[in-house]
Structure formats: structure tokens, C-alpha cells
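Input: a single structure, listed below in C-alpha cells.
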Amino acid sequence: MLVYIVYAHPRHDCLTGDLLDAFVGGLTQAGHQHTISDLYRMGFNPVLSQAEYERESRFDAGSQVSADVAAEQAKLDAADVWAFVYPVWWTDCPAILKGWFDRVWAVGWAYNKTSTNPAEARLAHGPGAASPTKKALVLCTAGNPESELRESGCLQAMKTVMLGDRINDRTDQAEFHLFAGSTAATAEDRQALRQHHLAVARNLGVKLLGEQTSR
């Protein structure tokens, strides 16, 4: 399987970067291939331009997208599985990833307003795809404990936005994995939790198309 990973964090020497490495290590162990778009390192522009806005507002699927957007769409089309790795900031992904969705999830690729068929209106991916995308995984880190995020409704809100809106039925399966609690009280607790998180991330790579565990 070919896995396309979108990484959105300004650093690599952090828990999110270590999760990425663990996940990739699991993929490699299982014999999968992967490509990565490291949005900060590649200097991806997350700002939707006026021309892009006009294209979307007119549902002008016939006009060309910019080269950087076309490159991202091609990576998505080539992959069997998508993975998004990022930290949770203010109950969402970093702005650079939000802007990536704003620009890459373009009319004619992510959706098709000219179709009256609801399934066709939300394209699985673009016309260049070799086969349907089998799965999307979200791996995100958070400082607060999962119980707190669940009780406040923030966890469900994040799942609704990422799985229900951005990914929706553009893949056969979608999973949301939260690696929470990185601000645990003691250094010992933080280290134990870190090791647990890394083991889980690696296992997600090893058992890439295993039974769905979180939605």
C-alpha cells in the first residue's frame, strides 16, 4: 500500500514528530510505502487567493488549479491511504493544515456541484486516481486529558469536523486517533504516556487496514 501523510507541525523534535516517526516505522515494518508533505518545511501557502475563491464560488471545475494544489491532489490520488498528523490547537488542526484543506479540497476534485447525485457531489478524489482511497487516518496530539476533551464536547467536535466534513465519504474508512494528556502532572507519567502513544502509533502503521477502531 502507498500511504500519503500530511504533517503539520513547525517542529520534529516533539511528541507529534515522534508519533510520525513511529507510524512510519510501523508502515515500513509491514512493507508499505509512504510519501510525506511536511507543510511547514515545504513552505506550503495556506492562504486561499482571490482567484481561488472566485473559482470555488463559481463552481468552476473546468479551470486549472495552481501548481502546488495540483501537486497535492496528485499525491492524494496516487495513494491507497491518507494520514493526517498534527497537534490540536484551539480544538482544531493548525491553521496551515486548515488552509491546506481550503485550497486542496477544490471543486472538481473534492466535490462536484454540477452533479445531482449526492455520492457524485462528494468525489472520492480526482479524475487522475487509479483506484478508490481505502482509508484515512487522523493522528493528533493534545495536551489535555482525553476525558476532559470528551466531557467538554471538544473531542466530538473535532471528530465531526475532520471525519464528518473534511473526509466524509471520500474514503472507504476513516479513523480519528487522539494522543492526549501530554501535559500530565509528573515527568514519570508523561514518559509512560509517551511510550504508550508511540507504541499505538507504530501499531497503526503495522495494522494499516485492520479493523476500524475509532470513528
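The values are calculated or read from the model by the stated rules, or taken from the named source; none is laboratory data. No experiment lies behind these values; they were computed from the predicted model shown. Glycine also receives a Cβ, built like all others from the backbone with ideal geometry; neighbour counts cover every protein chain displayed.
Quick notes on this structure:
- Of the residues making up segment 27-80, just one is modelled with pLDDT under 95 and on the phi > 0 side of the Ramachandran plot, namely 59.
- For segment 80-95, a tally of residues being surrounded by 18 or more Cβ atoms within 10 Å (Cβ to Cβ) and within 13 Å of the chain's Cα centre (by Cα) returns 10.
- Top-ranked residue of segment 31-48 - restricted to ones that are touching a residue at least 24 places away in the same chain (Cβ under 8 Å) and either among the charged types (D, E, K, R) or exposed (fewer than 14 other Cβ atoms within 10 Å of the Cβ) (or both), ranked as farthest from residue 102 (Cα to Cα): 33
- Per-region count, segment 21-58, residues closer than 24 Å to residue 179 by Cα, not in a helix (DSSP H, G or I) and not charged (D, E, K, R): 9
- Taken together, the criteria exclude residue 157 from residues that are hydrophobic (A, V, I, L, M, F, W, C) and either at pLDDT below 95 or in contact with a strand residue (DSSP E or B) (Cβ under 7 Å, 6 or more places away or on another chain) (or both).
- Only residues that are under 15 Å from residue 88 (Cβ atoms), modelled with pLDDT of 95 or more and among the hydrophobic types (A, V, I, L, M, F, W, C) were counted in segment 162-200, giving 5.
- Test: residue 18 is assigned to a helix (DSSP H, G or I), surrounded by 16 or more Cβ atoms within 10 Å (Cβ to Cβ) and modelled with pLDDT under 95: no
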